[in-house]
Amino acid sequence: MDSSFINIEFLIDTFFVALSGVPIALLVTVVSMAIALPIGFFLALTRINEIPVLNWFTKVYVSFVRGTPVIIQIFVLYSVIPLILTGIFEKYKIDYPIYEINPLWYAFVIFSFNTAAILVEVFRSALKTVNQGQLEAAYSVGLTTAQSYRRIIIPQMLVTAMPNLCTATINLIKATSLGYAISLQEITLKAKVAANVGYNYLEAYIDIFIVYMILCMIVEYLFKLFEKRLSRYKYATA
Amino acid sequence: MLEIKNIHKSFGKNEILKGVDLKIDKGDVVVILGPSGSGKTTLLRCINFLERADQGTASFGEINVDLKGASKKDVLSIRKKTAFVFQNYNLFNNKTALENVAEGLIIGRKMPKQQAYEISKSALDKVGLSEKYDSYPSQLSGGQQQRVGIARAVALNPDIILFDEPTSALDPELVGEVLQVMKDIAKEGTTMLVVTHEMGFAKDVANKVIFMDGGVIVEEGSPHDIFVTPKEERTRRFLRRVLPGEYEFEI
């Protein structure tokens with residue numbers, strides 16, 4: 001072991017190694033969010049409007065996701081999905097090597113599955129803050145339900161949802177670090193692999209720390225800007 | 001022009017409307033009076049399908065619909081012939097005064113933006129808000145908000161405007177400006193159905209007054225019929241309560 005406590009050179013080199021995992025981490029975050037947003041919103045509507053079967057399904061789904069650790073969800077889905085696929089592929093005689101599927105695809109499925117459940121609750125609470133009268137007013141001037149939601153309800157709902165959406169996004173970015181469990185080439189895995197060579201784990205962990213922190217701070221800042229823009233109408237001064 | 005027959009509506013076991021008939025001709029200003037809980041607001045909301053009636057029919061110009069089973073298309077076409085002014089204004093919070101007024105024209109009626117904004121501006125001018133085109137609802141007083149609400153209804157050029165207690169949520173000193181705007185548009189020949197507690201407005205502006213109680217129409221007639229020579233005891237009792245002093249001399 002080196003005489004100094006921390007190997008500065010390794011620390012700096014590995015920082016860039018960790019940084020090189022950012023694109024994958026962001027890709028997983030953006031794609032999972034893009035999938036989870038519409039699903040979460042739709043399921044939130046089934047809860048609010050108490051749609052018979054879907055409402056119940058959503059409740060169970062949300063409880064399940066919230067009540068289990070993400071890492072276990074990853075392990076379960078990572079084992080279950082290949083089994084299901086094998087079944088399907090055998091039935092339809094598709095010849096595809098299941099165990100060569102890029103872990104990226106698993107990551108998309110797992111993290112959107114997880115995030116959609118979180119977003120159900122984010123949207124449900126935000127939708128409740130928009131007064132029923134807004135929808136009635138939209139109907140009264142001849143808008144359809146879809147038009148009313150797009151133009152009146154969603155823009156107002158988003159303002160309330162923004163802080164929680166920001167939290168959900170940041171949690172998702174951090175959760176992608178669990179992708180190392182399925183060999184996803186993201187920040188944590190890359191830095192850890194670099195550390196394996198000379199057992200410089202402390203340096204690697206510090207680098208991982210810093211990279212996530214910078215990433216999350218940037219995202220936080222962007223959300224703040226966006227929130228300000230969306231809520232112009234609330235704080236407009238006479 | 002608008003004829004409603006035998007409208008029934010219950011909320012759970014509570015029957016709010018127990019068979020109401022209503023006929024309104026073009027240019028009429030009809031005021032509905034009655035104690036709270038008498039079904040006035042529910043009647044108005046059923047006409048615009050903000051509530052689904054349990055029974056009843058409506059004929060609206062050439063459109064005839066069953067109020068209970070009306071299709072989405074019928075609902076939309078009736079909503080496009082009517083406009084609604086809400087007790088709590090219900091302006092779109094995320095839109096400026098001008099956008100509030102133009103929304104129904106641009107989106108609901110697919111009018112070109114330019115034209116919609118011109119109509120909306122003149123509607124806002126009419127209610128005395130030429131200075132407030134770009135203000136958001138949060139920047140307006142209650143009276144101003146309700147005037148935007150009225151402009152939003154007027155701009156649609158509907159066959160009838162439904163007013164649901166338009167002054168009830170206002171501070172007393174702001175009631176006058178809203179009533180004045182309503183008088184102005186009534187003078188222009190707008191057909192109006194108004195639920196209100198403003199007896200002065202009913203007396204001066206209405207050409208027909210309806211007194212409702214317990215989910216039925218108790219009595220209807222000209223303002224003179226209702227305020228000076230009411231026939232029903234229930235009407236008299238109500239008027240005594242809302243017009244103390246003034247009314248007793250007329251018995």
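The values are calculated or read from the model by the stated rules, or taken from the named source; none is laboratory data. Note that the coordinates shown come from a computational prediction; the quantities given were computed from them, not determined experimentally. Please note: Cβ atoms are built from the backbone with ideal geometry, for glycine as well, and neighbour counts cover all protein chains shown. The protein model used for the area step is the full one, side chains on, heavy atoms only, and it has no ligands, DNA or RNA in it. Shrake-Rupley method; radii C 1.70, N 1.55, O 1.52, S 1.80 Å.
Values computed for the structure shown
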| quantity | calculated |
| --- | --- |
| Qualifying residue in segment B:111-124 (condition: open to solvent by 30 Å² or more (accessible area, probe 1.4 Å), outside any helix (DSSP H, G or I) and of a type in the set (A, V, I, L, M, F, W, C)) | yes |
| Segment B:110-159: number of residues that are more than 12 Å from chain A (Cβ to nearest Cβ) and among the hydrophobic types (A, V, I, L, M, F, W, C) | 6 |
| Hits in segment B:163-174 (condition: assigned to a helix (DSSP H, G or I) and on the phi > 0 side of the Ramachandran plot) | none |
| Residues satisfying the stated conditions in segment B:63-90, i.e. assigned to a loop (DSSP other than H, G, I, E, B) and either of a type outside the set (Ser, Thr, Tyr) or open to solvent by less than 10 Å² (accessible area, probe 1.4 Å) (or both) | B:67, B:68, B:69, B:70, B:86, B:87, B:88, B:90 |
| Options B:200, B:189: the member that is part of a loop (DSSP other than H, G, I, E, B) and at pLDDT 90 or above | B:189 |
| Any hit, segment B:49-62, residues being of a type in the set (Phe, Trp, Tyr) and either in contact with a Lys or Arg (Cβ under 8 Å, 6 or more places away or on another chain) or open to solvent by less than 20 Å² (accessible area, probe 1.4 Å) (or both) | yes |
| Which numbered condition residue A:231 fails, given (1) in contact with a Leu (Cβ under 7 Å, 6 or more places away or on another chain); (2) open to solvent by less than 30 Å² (accessible area, probe 1.4 Å) | (1) |
| Segment A:195-207, residues that are in contact with a Lys or Arg (Cβ under 9 Å, 6 or more places away or on another chain) and surrounded by fewer than 23 Cβ atoms within 10 Å (Cβ to Cβ) | A:201, A:205 |
| Test: residue in segment B:10-30 that is without any contact (Cβ under 8 Å) to a residue 40 or more places away in the chain and aliphatic (A, V, I, L, M) | no |
| Residue list for segment B:163-174, filter: surrounded by 19 or more Cβ atoms within 10 Å (Cβ to Cβ) and either among the hydroxyl-bearing types (Ser, Thr, Tyr) or touching a Leu at 6+ places or on another chain (Cβ under 6 Å) (or both) | B:164, B:167 |
| Residue A:61, sole failed condition from (1) out of contact with any helix residue (DSSP H, G or I) (no Cβ under 8 Å at 6 or more places or on another chain); (2) among the aromatic types (Phe, Trp, Tyr); (3) open to solvent by less than 40 Å² (accessible area, probe 1.4 Å) | (1) |
| In segment B:1-36, residue surrounded by the fewest Cβ atoms within 10 Å (Cβ to Cβ) [restricted to those that are within 17 Å of the chain's Cα centre (by Cα) and not in a strand (DSSP E or B)] | B:36 |
| Test set (1) more than 26 Å from residue A:160 (Cα to Cα); (2) of a type in the set (Gly, Ala, Ser); (3) more than 8 Å from chain A (Cβ to nearest Cβ) - residue B:102 fails condition number | (1) |
| Tally of residues being in contact (Cβ under 8 Å) with a residue 60 or more places away in the chain, part of a helix (DSSP H, G or I) and open to solvent by less than 10 Å² (accessible area, probe 1.4 Å) across segment B:125-162 | 5 |
| From A:181, A:195, A:204, residue being of a type in the set (Gly, Ala, Ser), at pLDDT below 95 and in contact with a Phe, Trp or Tyr (Cβ under 6 Å, 6 or more places away or on another chain) | A:195 |
| Condition check for residue A:192: under 27 Å from residue A:65 (Cα atoms) and surrounded by fewer than 20 Cβ atoms within 10 Å (Cβ to Cβ) | no |
| Cβ pairs under 7 Å, 6+ apart, first in segment A:59-79 and free of Cβ contacts under 8 Å to residues at least 60 places away in the same chain and within 24 Å of residue A:46 (Cβ to Cβ), second among the charged types (D, E, K, R) and surrounded by 12 or more Cβ atoms within 10 Å (Cβ to Cβ) | A:62/A:121 |
| Test for residue B:177: is it open to solvent by 10 Å² or more (accessible area, probe 1.4 Å), more than 10 Å from every other protein chain (Cβ to nearest Cβ), at pLDDT below 95 and not in a loop (DSSP other than H, G, I, E, B) | yes |
| Exclusive hit being within 17 Å of residue A:174 (Cβ to Cβ) and among the polar types (S, T, N, Q), set A:29, A:86, A:46, A:14 | A:29 |
